[in-house]
Ligand SMILES: Cc1cc2nc3c(=O)[nH]c(=O)nc-3n(C[C@H](O)[C@H](O)[C@H](O)COP(=O)(O)OP(=O)(O)OC[C@H]3O[C@@H](n4cnc5c(N)ncnc54)[C@H](O)[C@@H]3O)c2cc1C
């Protein structure tokens, strides 16, 4: 099987940098024999490990991650989540699928929320009510269609006019927005730290532990630097890096996207960042920009995308600075203090993968830009599948399966052609 080569990000996560230092767990050393090995301590792997322990408390579990907790994509994202999900372009044509997925989203979201509350995880989880902001004709038409479909689906929402948006988030950049009330914001690095640090202590967690190779001479054998793990069952919760083990090479690509958090603003600048204590704006186009308030005196922007590798740091910083200044010209002097990239596992049709790959080998991933709730749900359900609990036919039916992607070099060429077209279409939503 292929050797794994985990991407090292160009810059640390800004979310993690805002938190106090945390001491990582020790890298794994020596020979180990366990019932369950979970590879990847993001939302998916952590949920799988927790649920495995709930359902099989006597089964020993080892959770390993190549990096340190908070520095993977689970600590690099924008921190938007909710108990329902719908595509950027919600129409009558996909409303049926959205309604089908809803109970699964609710299951993942409320299970996660309960863990956060039970363990007192201080990740700023707040029901902020997120706005999809429209800056173009296309964006406005999409949110008006989405609003009509949400009326039919019975989702609480309303159109927010430009003046109100301007007051809420201190920018006249958007023409209007679609406020979806049941939406939450959180500090993602604080969440993933809290999820890992509050796992039952019977679960052995090792950071700085890259699984280099896997084979199945009888049981599964995972080879790491200076260590091996023999396991009855393995969860590959490595998201985009699943391809390095030879799986899903024709179903997923790693796309990188980028975020920045401003420096702490002076009180007179912070006073000009909107009347709402918590706010977040999502784009109506996949090449669009996400923004949010981070604390009382910082803002965050997330935008730009690249294929199977990171953009140059100076290109990212310049791009995100332009995006920030276009929205808040009165804050043009404010610097972006933390600028970083993160990976998402993109699938062509937006469907994640979930289930059994091989005897004793399970995996889930491909949550595109919605892994907080979806990764949690899929990790939880993987553990149930592995231990013979529950009926999962509805899950597979609701989410579908990732569609086929053409091989290289056609895939790369296709990606760039589509990305160019979509960037043009997104216009000022970028
Ligand atoms: C900038 C950005 C903004 C985003 N915004 C949002 C958002 O607002 N809301 C949302 O829901 N989602 C968002 N996402 C997506 C979200 O971050 C992902 O969907 C989520 O992190 C997926 O979780 P995961 O556990 O499946 O994978 P990851 O978080 O990628 O975790 C996989 C882990 O596997 C480890 N690993 C990989 N290979 C190996 C190996 N060989 N050995 C050991 N360990 C290995 C990695 O170190 C990593 O920690 C965003 C993503 C980015 C990059």
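What number of residues in the range 158-170 are under 20 Å from residue 285 (Cα atoms) and surrounded by fewer than 21 Cβ atoms within 10 Å (Cβ to Cβ)?
First, pick out the residues of the range 158-170 that are under 20 Å from residue 285 (Cα atoms): 158-162, 165, 169.
In the following step, the residues that additionally are surrounded by fewer than 21 Cβ atoms within 10 Å (Cβ to Cβ) were identified as 158-159, 161-162.
Residues in the range 158-170 being under 20 Å from residue 285 (Cα atoms) and surrounded by fewer than 21 Cβ atoms within 10 Å (Cβ to Cβ): 4 in total.
Under the condition of being within 11 Å of the ligand (Cβ to nearest atom) and under 13 Å from residue 179 (Cβ atoms), the residues counted in the range 276-290 number 2. Residue check: residue 289 meets all listed conditions (1) under 16 Å from the mean Cα position of the chain (by Cα); (2) more than 28 Å from residue 24 (Cβ to Cβ); (3) modelled with pLDDT under 95 but one, namely (3).
Residues considered: 41, 47. Of these, the only one that is at pLDDT 95 or above, outside any loop (DSSP other than H, G, I, E, B) and crowded, with 20+ Cβ neighbours inside 10 Å is 47.
If you go through the range 363-395 and pick out every residue that is outside any helix (DSSP H, G or I) and within 16 Å of the ligand (Cβ to nearest atom), you end up with 8.
Which one is surrounded by the fewest Cβ atoms within 10 Å (Cβ to Cβ), of the residues in the range 173-190 that are within 16 Å of the ligand (Cβ to nearest atom) and part of a strand (DSSP E or B)? Going through the qualifying residues, I end up with 180. Please name all residue pairs, on different chains or six or more residues apart, with Cβ atoms under 9 Å, provided the first residue is in the range 188-214 and is within 17 Å of residue 116 (Cα to Cα) and the second residue is part of a strand (DSSP E or B) and within 10 Å of the ligand (Cβ to nearest atom). Qualifying pairs under 9 Å: 196/63; 199/63.
Within the range 134-151, does at least one residue satisfy the condition of being under 30 Å from residue 8 (Cα atoms) and in contact with a strand residue (DSSP E or B) (Cβ under 9 Å, 6 or more places away or on another chain)?
As a first pass, look at the range 134-151 and keep what is under 30 Å from residue 8 (Cα atoms): none.
No: zero hits.
Taking residue 223, is it surrounded by fewer than 20 Cβ atoms within 10 Å (Cβ to Cβ) and farther than 30 Å from residue 33 by Cα? Outline the logic, then answer.
Numbers: surrounded by fewer than 20 Cβ atoms within 10 Å (Cβ to Cβ): yes; farther than 30 Å from residue 33 by Cα: no.
So residue 223 does not fit the description; no.
Here is a yes/no grid of residues against (1) part of a loop (DSSP other than H, G, I, E, B); (2) within 14 Å of the ligand (Cβ to nearest atom):
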residue: 166; (1), (2): no, no
residue: 171; (1), (2): yes, no
residue: 192; (1), (2): no, yes
residue: 200; (1), (2): yes, no
residue: 205; (1), (2): no, yes
residue: 208; (1), (2): yes, yes
residue: 213; (1), (2): no, yes
residue: 218; (1), (2): yes, no
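Close contacts from the range 227-243, counting a first residue that is under 11 Å from residue 45 (Cα atoms) and more than 11 Å from the ligand (Cβ to nearest atom) and a second that is part of a strand (DSSP E or B) and at pLDDT below 95, with Cβ to Cβ under 8 Å and a gap of 6+ residues or different chains, come to none at all.
Among the residues of the range 396-405, is there at least one that is within 28 Å of residue 192 (Cβ to Cβ), part of a loop (DSSP other than H, G, I, E, B) and within 16 Å of the ligand (Cβ to nearest atom)? Yes, the range 396-405 has at least one match.
Taking the stated definitions as given, is residue 378 in contact (Cβ under 8 Å) with a residue 12 or more places away in the chain, under 22 Å from the mean Cα position of the chain (by Cα) and under 23 Å from residue 194 (Cβ atoms)?
Numbers: in contact (Cβ under 8 Å) with a residue 12 or more places away in the chain: yes; under 22 Å from the mean Cα position of the chain (by Cα): yes; under 23 Å from residue 194 (Cβ atoms): yes.
Criteria met by residue 378.
Meeting the requirement of 3 or more residues that are out of contact with any helix residue (DSSP H, G or I) (no Cβ under 7 Å at 6 or more places or on another chain), the strands (runs of 3 or more DSSP E) wholly within the range 258-309 are 290-295, 298-307.
When 79, 45, 75 are screened for being near the ligand (Cβ under 8 Å from one of its atoms), closer than 22 Å to residue 301 by Cβ and in contact with a strand residue (DSSP E or B) (Cβ under 7 Å, 6 or more places away or on another chain), only 79 passes. Taken together, the residues in the range 354-376 that are out of contact with any helix residue (DSSP H, G or I) (no Cβ under 8 Å at 6 or more places or on another chain) and surrounded by 22 or more Cβ atoms within 10 Å (Cβ to Cβ) amount to 0.
Would you please name the residue that is surrounded by the most Cβ atoms within 10 Å (Cβ to Cβ), looking only at residues in the range 59-68 that are assigned to a strand (DSSP E or B) and within 11 Å of the ligand (Cβ to nearest atom)?
Of the residues in the range 59-68, the ones assigned to a strand (DSSP E or B) are 61-64.
Pick out the ones that are also within 11 Å of the ligand (Cβ to nearest atom) and you get 63-64.
Details: 63: 28, 64: 26.
For the range 59-68, the residue satisfying everything is 63.
Yes or no, residue by residue, for (1) at pLDDT below 95; (2) crowded, with 24+ Cβ neighbours inside 10 Å; (3) assigned to a strand (DSSP E or B); (4) within 19 Å of the chain's Cα centre (by Cα):
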residue: 57; (1), (2), (3), (4): no, no, no, no
residue: 70; (1), (2), (3), (4): no, yes, no, yes
residue: 107; (1), (2), (3), (4): no, no, no, yes
residue: 133; (1), (2), (3), (4): no, yes, yes, no
residue: 139; (1), (2), (3), (4): no, yes, no, no
residue: 142; (1), (2), (3), (4): no, no, no, no
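Applying the criterion of being surrounded by 14 or more Cβ atoms within 10 Å (Cβ to Cβ) and touching a helix residue (DSSP H, G or I) at 6+ places or on another chain (Cβ under 9 Å) to the residues of the range 391-424, the residue that is nearest to residue 304 (Cα to Cα) is 405. When residue 341 is tested against (1) under 20 Å from residue 282 (Cβ atoms); (2) in a loop (DSSP other than H, G, I, E, B), just one condition goes unmet, and that condition is (2).
The values are calculated or read from the model by the stated rules, or taken from the named source; none is laboratory data. This structure is a prediction, so every number in the text was calculated from the model and none was measured. A quick note on method: Cβ atoms are made from the backbone with ideal geometry, for glycine too, and the neighbour counts reach across all protein chains shown.
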